[in-house]
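Engineer: Let me give you the structure first, and then I'll get to my questions.
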Amino acid sequence: MSTAVIILAAGRGTRAKGPVPKQWQMLGGCTVLERTLQAFSEHPALGPFVVVTHPDDHIFVQNLQKGLLVVHGGETRSASVQAGLGALQGLGVKVVLIHDGARPFVTSALIDALCVALKTNLAAAPALRVTDALWRGGSGFVLEATPRDGLYLAQTPQAFDFEVILSAYAQLSTPAADDVEVARRAGVAVKIIEGEHNNIKITEPNDFARALTILNGYKS
């Protein structure tokens, strides 16, 4: 039985701007997606790997490392995950980690923590507790303060028993924000694992500067 990884890289990432989608932009000598893949491929207990891409990105896909299963995604994140899960059926996968291609700094320690959690849970995901004050706003003004107790910032990879998340997606009738939401809709309890502050998702242009700072910190 294996621990598979699905990397989602089919989005257009328009908020990040740039000449190409963010996962194909350069970050310290290689693309964001290549750096994300490297973080997983260096872990000895993972594989097979599925990369979900956009049909228009074939020129970039041909430069990826060999041995990957590459499939085309759908119009929504949920559809892309379903495409990735479909590619893994029949391969003897026990556990699957589903990760954003634009999160290039996942660590082996976080992967290990998720795998340990799955020994006693059907699903687990990393998150950071919300520590800042929260406001609800409208029309550019603060309307009210919102209690932050029990609130978390969700991260990936989100980890699941393969058959459980496959079944949860088979029941999905409307798109979901992430895989945890899909699992929760299907009644699956999801264990929260402590996330990592450097496990950022590149979303906007200034995130590249932060990513370079993190990368240079690893090298120093």
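Engineer: Which is hydroxyl-bearing (Ser, Thr, Tyr) and either closer than 30 Å to Ala145 by Cβ or free of Cβ contacts under 8 Å to residues at least 24 places away in the same chain (or both), of Thr131, Thr107, Thr53? I'd like the intermediate steps shown before the answer.
Structural biologist: Values: Thr107 fails: either closer than 30 Å to Ala145 by Cβ or free of Cβ contacts under 8 Å to residues at least 24 places away in the same chain (or both); Thr53 fails: either closer than 30 Å to Ala145 by Cβ or free of Cβ contacts under 8 Å to residues at least 24 places away in the same chain (or both).
Criteria check complete, one pass: Thr131.
Engineer: Among (1) surrounded by fewer than 17 Cβ atoms within 10 Å (Cβ to Cβ); (2) at pLDDT 95 or above; (3) in contact with a Lys or Arg (Cβ under 9 Å, 6 or more places away or on another chain); (4) not hydrophobic (A, V, I, L, M, F, W, C), where does Gly187 come up short?
Structural biologist: Unmet for Gly187, out of (1) surrounded by fewer than 17 Cβ atoms within 10 Å (Cβ to Cβ); (2) at pLDDT 95 or above; (3) in contact with a Lys or Arg (Cβ under 9 Å, 6 or more places away or on another chain); (4) not hydrophobic (A, V, I, L, M, F, W, C): (3).
Here is a yes/no grid of residues against (1) touching a Cys at 6+ places or on another chain (Cβ under 7 Å); (2) free of Cβ contacts under 8 Å to residues at least 60 places away in the same chain; (3) on the phi > 0 side of the Ramachandran plot; (4) not in a strand (DSSP E or B):
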| residue | (1), (2), (3), (4) |
| --- | --- |
| Leu8 | no, no, no, no |
| Arg12 | no, yes, no, yes |
| Gly18 | no, no, yes, yes |
| Leu37 | no, yes, no, yes |
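Engineer: Taking the options Glu204, Glu181, Glu163, Glu194, name whichever one is free of Cβ contacts under 8 Å to residues at least 40 places away in the same chain and exposed (fewer than 15 other Cβ atoms within 10 Å of the Cβ).
Structural biologist: Working: Glu204 fails: free of Cβ contacts under 8 Å to residues at least 40 places away in the same chain; Glu181 fails: exposed (fewer than 15 other Cβ atoms within 10 Å of the Cβ); Glu194 fails: free of Cβ contacts under 8 Å to residues at least 40 places away in the same chain.
Result of the check over Glu204, Glu181, Glu163, Glu194: Glu163.
Engineer: Take His72 and decide whether it is at pLDDT below 95 and over 22 Å from Ala159 (Cβ atoms). Full working, then the answer.
Structural biologist: Values: at pLDDT below 95: no; over 22 Å from Ala159 (Cβ atoms): yes.
In short, no.
The values are calculated or read from the model by the stated rules, or taken from the named source; none is laboratory data. Here the structure is a predicted model, which is why all the values come from computation and not from measurement. For neighbour counting, all protein chains shown are included, and Cβ atoms are generated from backbone atoms with ideal geometry for every residue, glycine included.
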